[in-house]
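I have placed the structure first, in the form of structure tokens, so that the comments after it can refer back to it.
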């Protein structure tokens with residue numbers, strides 16, 4: 001079909017699965033972390049806002065690989081893409097980061113593993129930050145959709161991935 005959704009890094013996961021329901025299993029085969037999409041709560045919340053670019057970060061893989069595997073499975077041609085760097089994934093901490101400024105910590109791992117979305121809780125905690133303060137958010141993977149929303153609100157974010165653990169540091173200017 002020519003009028004079906006063209007799969008790109010900006011395609012939302014929910015739109016992808018609505019247009020191509022069979023790709024749910026392909027996603028899970030690509031990375032078991034995507035099995036969480038079977039949870040109806042996450043399907044209605046995260047899948048609506050998360051793009052494939054964000055999903056690639058969560059799946060710890062290049063976005064081009066994810067998109068092209070999905071395109072092949074959907075019968076679309078593969079395409080070369082520019083690798084868009086996400087500034088918040090740098091290995092070195094940014095100039096604004098100071099561990100003494102961390103005033104709040106929230107470990108969302110159990111919530112995510114139970115199939116719940118920590119979005120509302122995180123946004124509430126972020127709103128409580130005062131200028132110059134940092135919230136540390138711990139998750140089992142890079143929470144790209146949440147980070148994108150927080151960045152859009154004018155905060156700074158740095159993600160530290162070490163020893164299989166992910167900490168996103170959210171700084172209020």
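Every number in this text was worked out from the coordinates using simple rules, so none of it is lab data. Keep in mind the model is a prediction, meaning the values are calculated, not measured. Heads up, the Cβs are rebuilt from the backbone with ideal geometry, glycines too, and the neighbour counts pull from every protein chain shown.
Annotations for the structure displayed:
- Full extension of the segment from residue 78 to residue 48, taken as 0.36 nm per residue of separation minus the current Cα-Cα distance, would add 8.4 nm.
- Computed over the stretch 87-171: relative contact order in percent, which uses C-alpha pairs under 8 Å that are six or more apart: 35 percent
- Taking label positions 7 Å along the Cα-Cβ direction at both residue 173 and residue 64, the computed distance is 3.2 nm, reported to one decimal.
- A simple spin-label model places the labels of residue 5 and residue 152 1.7 nm from each other, with each point 7 Å out along Cα-to-Cβ.
- Residue-span extension gain [residue 130 to residue 97] - 0.36 nm each, minus C-alpha spacing: 10.4 nm
- Convex hull of Cα atoms in the stretch 134-173, direction-averaged projection (nm²): 2.5 nm²
- Computed [θ] at 222 nm, helices only, for the chain once each DSSP H run of length n ≥ 4 contributes -39500 (n - 2.57): -9500 deg cm²/dmol
- Averaged over residues, the count of other Cβ atoms within 10 Å places the peptides 60-69, 156-165, 88-97 in the sequence 60-69, 156-165, 88-97, highest first.
- Volume of the Cα convex hull of the stretch 13-73, divided per residue and given in Å³: 68 Å³
- One chain, two ends: residue 110 and residue 90. Fully extended at 0.36 nm per residue, the span grows by 4.6 nm beyond their Cα-Cα distance.
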